[in-house]
Ligand SMILES: Nc1ncnc2c1ncn2[C@@H]1O[C@H](COP(=O)(O)OP(=O)(O)OP(=O)(O)O)[C@@H](O)[C@H]1O
Ligand SMILES: [Mg+2]
């Protein structure tokens, strides 16, 4: 267990930092901060403007009075491949020795350009003599870019994780998972939606879809002929300082419905793919998080599209928040955006 370690979520719309403590009675929040990033800082999950990210991290660490230098951060998007594969049964040590060579056939990148990680899901799969393994491959240059901004901001990236796993980690710490339940987690951020399926208490499937809150804003902008800022403001429920007659809220709402509908169809397709390729039972429940989960329209449309009960995930459900230290209202408000950071902050308590 690391002595101290903060969670650092470098999202495309904002950076989040978190510092947690474990007491006899459970987890407690020590620090949480969020700093917005200018548009185009991160595009397609790659860093376009490292300086802006370094600046945001520095500001957060300073304003939160965080002294810890070690952090856990995560990456996502096209440069990260996660696959469930079936391999002949072997020990963890044997697997770690052979995986770099084994992995080659499963990933679309040159094996020398990626870092490979494996996790045994099921030591004895249904197939005789085989076992199920989760293979994770992430492009080295992506990892390099993200750890470099952390280091320029004065932090040391002790752990590099994947957004989808961090969401799963946050969920597991906050919700009891009955062993026979299959649960889907959907984190709808600004540019990416991470989908995770947990079955038999392990991560059985993940997929990133490149649709998120930005698509809602861009469609409002396009269809109503507004600036990006005006469109974003309207999406968040403001009036964008526009003449009350010039934009009808109903117009905004119908664009939101349209995008929610196509995103929900994509999510449904991913879940159907999972179900078609896995023997585990049907998905019992879907938990939604990420800033875009604040759109109540998305939640209701998604629920009807996937025909699974949809609930909002609270990443602070099991984390004590002292009202003398924190503005509880503010924490409630940003909670949907904190899932990845919470999952990263919890890494400190693992061995
Ligand atoms: N009240 C709200 N209503 C609708 N959308 C919201 C609301 N609050 C935040 N959002 C949207 O949530 C998104 C930010 O969410 P989040 O912080 O989870 O994303 P991110 O981690 O920065 O991005 P990503 O992980 O996709 O790179 C933005 O698109 C923002 O417009
Ligand atoms: Mg995010």
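No value in this document is a laboratory result; all are computed from the given coordinates. This is a predicted model, so every value here is computed, not measured. Cβ placement follows ideal geometry from the backbone for every residue including glycine, while neighbour counts extend to all protein chains displayed.
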Inset, instruction - Please determine, in degrees from 0 to 90 and to the nearest 10, the orientation of helix 249-277 with respect to the longest principal axis defined by the Cα atoms of the chain, where the helix direction is its Cα long axis. - result: 10 degrees
Inset, instruction - Give the peptides 206-219, 10-23, 325-338, 184-197 in descending order of average Cβ contacts within 10 Å, highest first. - result: 184-197, 10-23, 206-219, 325-338
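Please work out the Cα convex hull volume for region 176-312 and give it in Å³ per residue.
It comes to 93 Å³ per residue, whole-number rounded.
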Legend entry - Principal-axis tilt of helix 50-63 within the chain, Cα atoms, nearest 10 degrees: 80 degrees
Legend entry - For a label point 7 Å along the Cα-to-beta-carbon line of residue 22, residues of region 61-95 with backbone N under 19 Å: 68-73
Inset, instruction - Take every DSSP beta bridge whose two residues both sit in the chain, then give the antiparallel share in percent to the nearest 5. - result: 70 percent
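What's the ranking of 267-279, 89-101 by average number of surrounding C-beta atoms within 10 Å, highest first? The partial results should precede the final answer.
On the way: 267-279: 15.1, 89-101: 13.2.
Top of the packing list down: 267-279, 89-101.
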Inset, instruction - State the extension gain, in nm to one decimal, for the chain segment bounded by residue 96 and residue 257, taking 0.36 nm per residue of separation less the distance between their alpha-carbons. - result: 53.3 nm
Legend entry - Chain lengthening between residue 229 and residue 250 when straightened (0.36 nm per residue, less Cα-Cα): 5.7 nm
Legend entry - Pairwise centroid distance, computed over Cα atoms, of region 305-345 with region 31-64, Å: 20 Å
Inset, instruction - Take the alpha-carbon centre of region 72-136, take the same for region 175-193, and report the distance between them in whole Å. - result: 22 Å
Inset, instruction - Sketch the reach of a paramagnetic label on residue 330 as a point 7 Å from Cα along Cα-to-Cβ, and name the residues of region 15-33 whose backbone nitrogen lies under 19 Å away. - result: 15-21, 28-33
Legend entry - Additional length obtainable on full extension of the chain from residue 297 to residue 127, 0.36 nm per residue less Cα span: 56.9 nm
Inset, instruction - Measure nothing but the geometry: give the 0 to 90° angle between the long axis through the Cα atoms of 296-306 and the longest principal axis through the Cα atoms of the chain, rounded to 10°. - result: 40 degrees
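Can you give the direction-averaged projected area of the convex hull of the alpha-carbon atoms in the chain, in nm²?
Hull-based average projected area comes out at 18.6 nm².
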